[in-house]
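What follows is one structure encoded as structure tokens, with my remarks underneath.
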Amino acid sequence: MIATLNKYWQSFLVGIQSNIVYRWNFFLRGLFSLTHLIVVVALWSAAYHGHPTIGGFSLGATLTYFVVMLGLQYFIGAFNEDYQISEEIRNGLINQFLLKPINYFAYRFSIFISARTVSGLLILIPVGVAYAFLHHDISLPPESWRLWIGLPALLMSALIQFTIAYCFGLLSFWFLEIQSFIILSYAIETLLGGQMFPLDLMPANLYRISEYLPYFYQMYFPAAIFTGRIATPAQALSGLAIQACWVVALLAIAALLWRRGLRRHTAVGG
């Protein structure tokens, strides 16, 4: 067990070193996100003009939600994992893992965690800049249960993000190009993952439907816990149970795609 953990720990360290090389890319991308945040502040300030609350939440609560969402995107979001997996399959680089005692999913997940560690730490700088200007409006609920439920939700959200990207990457066993699938998934994720607007502003029926979709738990669910948009521990625990079911389901789908994909794979070179 220790040897196995050490193996993926070394992969994590190699990933840290590789991602530090591109630290300026992450940092500049984070700074660019401030532009997006400025637009969000302007739009929602206009929307709240003459309205003390929208959907039961003040302007400060909504701005807090978007600042938290910005941080979460860099801490748990899957950026290029699907493309990297696709490239390894199409170029035969995956062959090196087939005859070695390495679980490819665990290897890629360790690389994912290393990348999110670097990008997450770097995004704290732009988030700090945003907080300096918005600190009068930003406030998080004080209840301690939000931390104890929010952290497991955050970890499972990262796992869901990665596993969905992993599954799309594995489609390269069947398709030469997967870009169209990824773009479609990203568009749906942006809409149903709460990145464009808080999902609780949707009509009640649509919101209830979204609670049973995996996109709800990719980003919105932990953000809603930390910012108070999920009001009670009972609601959070119910969502945590559904989220756990999606984790199990997606891991099963990933394992199935891997087994079926290897049957079609021709290992040449590598």
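Structure summary
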quantity	calculated
The range 178-215: number of residues that are β-branched (Val, Ile, Thr) and either touching a residue at least 24 places away in the same chain (Cβ under 8 Å) or in contact with a Ser or Thr (Cβ under 6 Å, 6 or more places away or on another chain) (or both)	3
Long-range neighbours under 6 Å by Cβ, at least six apart or interchain, first residue closer than 18 Å to Ser157 by Cα and free of Cβ contacts under 8 Å to residues at least 60 places away in the same chain within the range 59-71, second among the basic types (Lys, Arg) and part of a helix (DSSP H, G or I)	none
Inter-residue pairs, beta-carbon under 8 Å, first more than 19 Å from Tyr104 (Cβ to Cβ) and in the range 150-177, second of a type outside the set (A, V, I, L, M, F, W, C) and in a loop (DSSP other than H, G, I, E, B), 6+ apart	Ser157/Gln218
Candidate set: the range 169-178, residues that are surrounded by 12 or more Cβ atoms within 10 Å (Cβ to Cβ) and not aromatic (Phe, Trp, Tyr); chosen: the one nearest to Ala223 (Cα to Cα)	Gly169
Identity of the residue in the range 55-69, part of a helix (DSSP H, G or I) and aromatic (Phe, Trp, Tyr), that ends up surrounded by the most Cβ atoms within 10 Å (Cβ to Cβ)	Tyr65
Residue within the range 70-83 that is surrounded by 21 or more Cβ atoms within 10 Å (Cβ to Cβ), touching an Asp or Glu at 6+ places or on another chain (Cβ under 9 Å) and not polar (S, T, N, Q) present	no
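Taken together, the values in this text are just the output of simple stated rules run on the coordinates, not laboratory data. Quick caveat, the model's predicted, so the values are computed rather than measured. So basically every Cβ, Gly included, is an ideal-geometry build from the backbone, and we count neighbours across all protein chains shown.
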